[in-house]
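**Q** Here it is: the structure, laid out below.
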Amino acid sequence: MQSLPAELSNILNLAYEAMIAHPQHDLNLGYRRLIYEQLDPGTDIPPQKERDGLKRRVNLAILAAEKVLPFWEKVYPGNGLPQRCLQLARQVLHGQVDDNEAWKQRDLLWAKLVEMGNEDRENQAVQGAGFSAVQVLTAVLRDERFDPGQIDLNLTDADINPDEMDSAFFAAAAYADGAVWDDASDSGKRREFWEWWLKEAAPMVWGTLQNMTS
């Protein structure tokens with residue numbers, strides 16, 4: 001694994017301190033976007049899918065989605081929706097599936113999850129694992145969408161629309177048995193997830209551009 005750039009390392013440490021200080025141990029979306037921005041070396045080589053920054057962000061999303069796959073598999077054995085999303089994401093990244101067709105599939109898979117949530121409210125937190133996988137596909141198709149010059153560290157997931165939430169948000173919700181605004185969720189488990197994301201997952205993707213997307 002390549003050593004981390006000093007600025008990225010500093011930002012990961014700042015984000016960790018902010019997460020620890022948060023009453024529910026959440027990691028604000030603003031900090032995540034700052035980290036996403038640092039994963040891009042600044043090259044803007046067309047096509048977009050050739051950019052190292054995009055690959056790193058996709059790899060990070062894959063790690064988050066895979067982290068909570070066991071939760072999904074325990075409750076929905078035999079339902080391969082998340083695995084289908086991850087497979088599609090990898091195919092799109094390698095130019096094996098047309099982007100327009102992938103968007104249609106993404107929208108269908110998202111709609112299926114919404115329907116599942118309406119029919120099985122008891123397991124909505126677990127369904128976050130499915131949404132996390134769908135947002136891996138979204139990240140491949142449009143990257144993480146934000147203005148790197150206008151990052152607000154106080155921005156939270158409650159400030160954006162659900163379909164703009166990233167894979168990490170949904171994975172954290174699945175891991176903690178609910179989103180940060182859910183009083184029944186587990187703040188200790190949320191801290192465990194974000195500690196893993198900041199200390200292990202984010203550093204890992206800096207030097208691994210191919211393994212997780214191959």
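The values are calculated or read from the model by the stated rules, or taken from the named source; none is laboratory data. Please read these numbers as outputs of a predicted model, since none were measured by experiment. We place every Cβ from the backbone using ideal geometry, glycine too, and count neighbours over all the protein chains shown.
**Q** Is it fair to say Leu108 is over 13 Å from Phe170 (Cβ atoms), among the hydrophobic types (A, V, I, L, M, F, W, C), at pLDDT 95 or above and buried (at least 22 other Cβ atoms within 10 Å of the Cβ)?
**A** no
**Q** Is the stretch 33-54 home to any residue that is at pLDDT below 95, touching a Ser or Thr at 6+ places or on another chain (Cβ under 8 Å) and part of a helix (DSSP H, G or I)?
**A** Yes, the stretch 33-54 has at least one match.
Table: residues versus (1) surrounded by 16 or more Cβ atoms within 10 Å (Cβ to Cβ); (2) β-branched (Val, Ile, Thr); (3) touching a residue at least 40 places away in the same chain (Cβ under 8 Å).
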| site | (1), (2), (3) |
| --- | --- |
| Arg142 | no, no, no |
| Asp147 | no, no, no |
| Ile151 | yes, yes, yes |
| Asp157 | yes, no, yes |
| Ile160 | no, yes, yes |
| Asp163 | no, no, yes |
| Tyr175 | yes, no, yes |
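**Q** Quick one: what pairs do we get from the stretch 116-128, first residue in contact (Cβ under 8 Å) with a residue 24 or more places away in the chain and surrounded by 10 or more Cβ atoms within 10 Å (Cβ to Cβ), second part of a helix (DSSP H, G or I) and aromatic (Phe, Trp, Tyr), C-beta under 7 Å, 6+ apart or different chains?
**A** Val126/Phe71; Val126/Trp72; Gly128/Phe170
**Q** Here's another thing I want to ask about it. Could you count how many residues in the stretch 174-196 are assigned to a helix (DSSP H, G or I) and farther than 12 Å from Ala65 by Cβ?
**A** Residues that pass the stated criteria total 10.
**Q** Also, quick follow-up: Which members of the stretch 177-191 meet the condition of being crowded, with 21+ Cβ neighbours inside 10 Å and basic (Lys, Arg)?
**A** Selection gives Arg190 alone.
**Q** Taking the stretch 132-159 as the search range and keeping residues that are in contact with an Asp or Glu (Cβ under 8 Å, 6 or more places away or on another chain) and of a type in the set (A, V, I, L, M), which one is farthest from Asp99 (Cα to Cα)?
**A** Ile151
**Q** Please go through the stretch 56-81 and give me each residue that is surrounded by fewer than 18 Cβ atoms within 10 Å (Cβ to Cβ) and polar (S, T, N, Q), ordered by number.
**A** Matches in the stretch 56-81: Asn79 only.
**Q** Take the conditions over 18 Å from the mean Cα position of the chain (by Cα) and either loosely packed, with under 13 Cβ neighbours inside 10 Å or closer than 23 Å to Arg57 by Cβ (or both) and apply them to Arg84. Does it pass?
**A** Answer is no for this residue.
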